1. Does residue 175 meet the test of being over 19 Å from residue 86 (Cα atoms), modelled with pLDDT of 90 or more and not assigned by TED's automatic domain parsing to the domain that holds residue 229?
2. Restricted to region 104-138, and to residues that are surrounded by fewer than 12 Cβ atoms within 10 Å (Cβ to Cβ) and within 20 Å of residue 68 (Cα to Cα), which residue is modelled with the lowest pLDDT?
């Protein structure tokens, strides 16, 4: 009987010890797992912002976040972002002058989902500022040289070919159009998408070397702007186009100085 009693007691102690060890091991494994989870959450992965290309970086962002509303088959507001060529229509010579960057940087787009991450916005900015290359091999140097050539031709109208009587000026012709159609949303106190038409200087932020490289012209010409009122008349659009082609002068007085 004594041996049986000791055997039972030893067995109980053994089971008790095994149970304690299992609880300790389970707790340790849980703690290690939780620590790894927390560690991964604390470590921020670096954002790749160099050598950004359309095919490797920008196209995947646009496909996952934008093409449900902006594609060739469903181009909301006349904007399609499902091909390299159509995306370039929303890209200007640098990021701050490009509609694509402006609307994602301000959080205005995408409208039916969460905003792009800081890294995605930075990659779009770096891509545009680098010349918006399609891939690593292709750099759009030809387009850049064309813009430079257009700048030398349009920004300094020749006195021998264009007289002051035919030049379109901001203060006399363009500013009244902007005041009537655009200032309610794009003014210095409430610059929607970071765009203000309150002054000549702020308007020049969306004016490029040519009308096609100017956000101001492309938006009104496509009918995308103004959004909350009737589109500009063909005459008003032509006035803005000619003003940019004339070199976007501020006024006759400034040009004569």
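1. No; evaluated as a whole, the condition is false for this residue.
2. 112
Rundown of residues vs (1) in contact with a helix residue (DSSP H, G or I) (Cβ under 6 Å, 6 or more places away or on another chain); (2) surrounded by 15 or more Cβ atoms within 10 Å (Cβ to Cβ); (3) modelled with pLDDT under 90; (4) over 18 Å from residue 98 (Cβ atoms), yes/no style:
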residue: 185; (1), (2), (3), (4): yes, yes, yes, yes
residue: 193; (1), (2), (3), (4): yes, yes, yes, no
residue: 198; (1), (2), (3), (4): no, yes, no, yes
residue: 217; (1), (2), (3), (4): yes, yes, no, no
residue: 229; (1), (2), (3), (4): no, no, yes, yes
residue: 241; (1), (2), (3), (4): yes, yes, no, yes
residue: 251; (1), (2), (3), (4): yes, no, yes, yes
residue: 257; (1), (2), (3), (4): no, no, yes, yes
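The values are calculated or read from the model by the stated rules, or taken from the named source; none is laboratory data. What you are looking at is a predicted structure, and each value in this text was computed from that prediction instead of being measured. Backbone-built Cβ (ideal geometry, glycine too); neighbour counts: all protein chains shown.
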